[in-house]
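Structure, as structure tokens:
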Amino acid sequence: MFEEFTGKFYYLLHPRPTVVVGTLCPNRRANFMPASWNTPVSEEPPTVAIAIDSYAYTRECLDFHGEATLNILELGDAQLVYDLGSVSGREVDKVSRFRLELVESSTIAPPGLARSIAILESRVIGKYPIGETYLYVLEVTSARVRKGVADRFGFLFTEGVNIPLHASGRYFYGVDPRKLVLKKGLT
């Protein structure tokens, strides 16, 4: 009936939506790192949690400034998402290297990515060491979405909108709108 899973346990929790965390760092530059270990935590206050490796430069940046943008890109940007996670902002100015166009945030200092289809602006309200990571709890101060990509229930996958869902390594999936299960009567 069941057998022991021999892969990493968290692969069974993938694919997962991937956000690109935008921070301001001690070197005064903006930095961007993909994070697929993210989840909503509460509606009131509106909060999200992200797990960041304790050695990641983004951890230093979050500790330095305490604010972040969570940028959701389209599936077509999966290579950029992967590339942003393949180099460290300690050594590389990712904005210059990847020619990132930035947009000003409305409630916090770190910028967002102009190519995003949605941006959550947030402030750190909690930090918890767990194993090799820190779990950051972020209060969402603003949620913005590109016109026409979402309704009040979320992204319009049936209209061709798609986001990168991280499988493992350099593999990403998208949502196949032909396979969505829709229930009648939901409004």
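Points to keep in mind about this one:
- Restricting the range 27-46 to residues that are surrounded by 12 or more Cβ atoms within 10 Å (Cβ to Cβ) and more than 11 Å from the chain's Cα centre (by Cα), the residue that is farthest from Asn162 (Cα to Cα): Asn27
- The listed residues are Leu138, Leu120, Leu100, and the only one of them that is of a type in the set (A, V, I, L, M, F, W, C), surrounded by 15 or more Cβ atoms within 10 Å (Cβ to Cβ) and over 27 Å from Glu43 (Cβ atoms) turns out to be Leu100.
- The condition of being under 19 Å from the mean Cα position of the chain (by Cα), within 26 Å of Glu67 (Cβ to Cβ) and surrounded by fewer than 19 Cβ atoms within 10 Å (Cβ to Cβ) does not hold for Ser168.
- Subset tally (residues that are among the charged types (D, E, K, R) and farther than 16 Å from Ala51 by Cβ) for the range 1-18: 2
- In summary, strands (runs of 3 or more DSSP E) completely within the range 71-187 and bearing 3 or more residues that are at pLDDT 95 or above and of a type outside the set (D, E, K, R) occur at 118-130, 133-145.
The values are calculated or read from the model by the stated rules, or taken from the named source; none is laboratory data. Worth saying up front: this structure is predicted, and the values here are computed from it rather than measured. Neighbour counts run over all protein chains shown; Cβ positions are idealised from the backbone, glycine included.
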